[in-house]
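Since the structure comes first, as structure tokens, the remarks are kept for the end.
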Amino acid sequence: MGDGMCFSKVKLLLLQIRNQGDPMRDQEIECFAAAAGVEPSQISPWDLLAGRPGGGVVDRHDAVFIGGSGDYSVTRESGWLDASLDLMRDLVRESKPTFASCWGFQAMAKAHDGKVETDLSRAEVGTHQLHLTEAGKKDSLFHALGEQFRGQMGHEDCVVRLPEEAVLLASSDIVEHQAYRMGDRPIWCTQFHPELKREQLLVRVLKYPTYIENIAGIPAERFEELLEDAPETEGLMQQFMRVAL
């Protein structure tokens, strides 16, 4: 569609993994919409906890977003997770334009024989510094970030082995695998949250105050002062729209 395209007619599918009462269900839609430069009405949410969407649902959308998870981990087996991983494999097989963050990053890796572990020693929450790999510096989506950039984080699980096809694009000092692309397909995955600004991350993590205490080791009320803006990654979703569609 090109750099000069208007995104007003684009239809996007957001795969969510959140309980019905999770207050972040609607916030996640709003955050992805703002980051991608579209209206929330252009994003159709689908709850993976209720089962995977049929192929017709995916086909009716121009691209797929996969977000985070309030209460679920890809390291715990379940029937809905198996179906979700099958869907990840279909997205790659069909080269469906896809952007996956956090849980989606981990699920895409596991679906393609990567390895994911829960590791509190490498958990990250808040604003963290990252750097591009040599492949990242050449990537059509990531090269614009600059060699060093900041990202908003919130994870206990880490991808410790990438899929064979994956191309590593970014790392942090704590976690090597922070972003990858699935070969030359229009499918990018990030451990960090480019769909979240500082204020949005704060709103989200304050809904889970023990999460802050367990990972950052500080009371929730002190968390805000440690957050920074991450302007480099705030434009990543719109760059995805320009490059992938």
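A short reminder: the numbers here are calculations on the coordinates, not readings from a lab. Since the model is a prediction, treat every value here as computed from it, not as a measurement. Note: ideal-geometry Cβ built from the backbone for every residue, glycine included; neighbour counts use all protein chains shown.
Where a ≥ b ≥ c are the square roots of the eigenvalues of the C-alpha gyration tensor, would you call the stretch 98-154 rounded, which needs a/c under 1.5, or, failing that, prolate if a/b is larger than b/c, or oblate? Please list the in-between numbers first.
Details: a/c = 2.07, a/b = 1.27, b/c = 1.63.
Judged from the Cα gyration tensor, the stretch 98-154 comes out oblate (a/c at least 1.5, b/c at or above a/b).
Rounded to the nearest 500, what is the 222 nm mean residue ellipticity of the chain from helices alone, with -39500 (n - 2.57) per DSSP H run of 4+ residues and division by all residues?
It lands at -9000 deg cm²/dmol.
Set the bar at 24 Å for Cα to Cα. Now go through K115/K197; K96/K138; K11/K96 and name every pair that lies beyond it.
Flagged as over cut-off: K115/K197.
For the chain, what are the DSSP H helices with axial Cα length of 18 Å or more and mean Kyte-Doolittle hydropathy of at least -1.0?
79-93
How big is the shadow of the Cα convex hull of the stretch 1-81, averaged over all directions, in nm²? Before the final figure, lay out the partial values.
Details: hull surface 24.5 nm².
The orientation-averaged projected area of the Cα hull of the stretch 1-81 comes to 6.1 nm².
Would you work out the charge dipole size for the chain about its Cα centre, treating the Cβ of every Lys and Arg as +1 and the Cβ of every Asp and Glu as -1, and quote it to the nearest 20 debye?
Rounded to the nearest 20 debye, it is 580 debye.
Can you sort D229, D62, D173, D139 from fewest to most other Cβ atoms within 10 Å of each residue's own Cβ? Can you show the working numbers first?
On the way: D229 13, D62 17, D173 10, D139 21.
So the residues, fewest neighbours to most, are D173, D229, D62, D139.
Would you order E165, E195, E39 from fewest to most other beta-carbon atoms within 10 Å of each residue's own beta-carbon?
Numbers: E165 16, E195 28, E39 12.
In order of increasing Cβ crowding within 10 Å: E39, E165, E195.
Determine the relative contact order of the chain: mean sequence separation of Cα pairs under 8 Å and six or more apart, normalised by residue count, in whole percent.
Reported as a whole number, the value is 21 percent.
Within 10 Å of each residue's Cβ, count the other Cβ atoms and sort V203, V57, V175, V74 from fewest upward.
Going from least to most buried by this count: V57, V203, V175, V74.
Can you pull out the trypsin sites (Lys or Arg not before Pro) in the stretch 119-223 that DSSP calls coil and that have at most 16 other Cβ atoms within 10 Å? Don't skip to the end; give the middle numbers.
Values: sites: R122, K137, K138, R150, R161, R181, K197, R198, R204, K207, R222; in loops: K197, K207.
Here the trypsin sites (Lys or Arg not before Pro) that fit, given the DSSP loop and packing criteria, are K207.
Jot down the per residue volume, in cubic angstrom and as a whole number, of the convex hull over the alpha-carbon atoms of the stretch 145-245. Could the numbers behind the result be given before it?
Working: hull volume 11.3 nm³, N = 101.
Convex hull volume per residue, Cα atoms: 112 Å³.
Give a quick list of trypsin sites (Lys or Arg not before Pro) in the stretch 73-108 that DSSP marks as loop, anything other than H, G, I, E or B, with at most 12 other Cβ atoms within 10 Å.
R76
When DSSP assigns beta bridges and you keep just the ones with both residues in the chain, what percent turn out antiparallel, to the nearest 5? Each step should come with its number before you reach the end.
Working: 22 of 39 bridges.
Around 55 percent antiparallel, to the nearest 5.
Quick one: if you take sqrt(5λ) for each eigenvalue of the C-alpha gyration tensor of the stretch 190-245, what semi-axes come out, biggest first, whole angstrom?
They are 27, 11, 9 Å, listed from largest to smallest.
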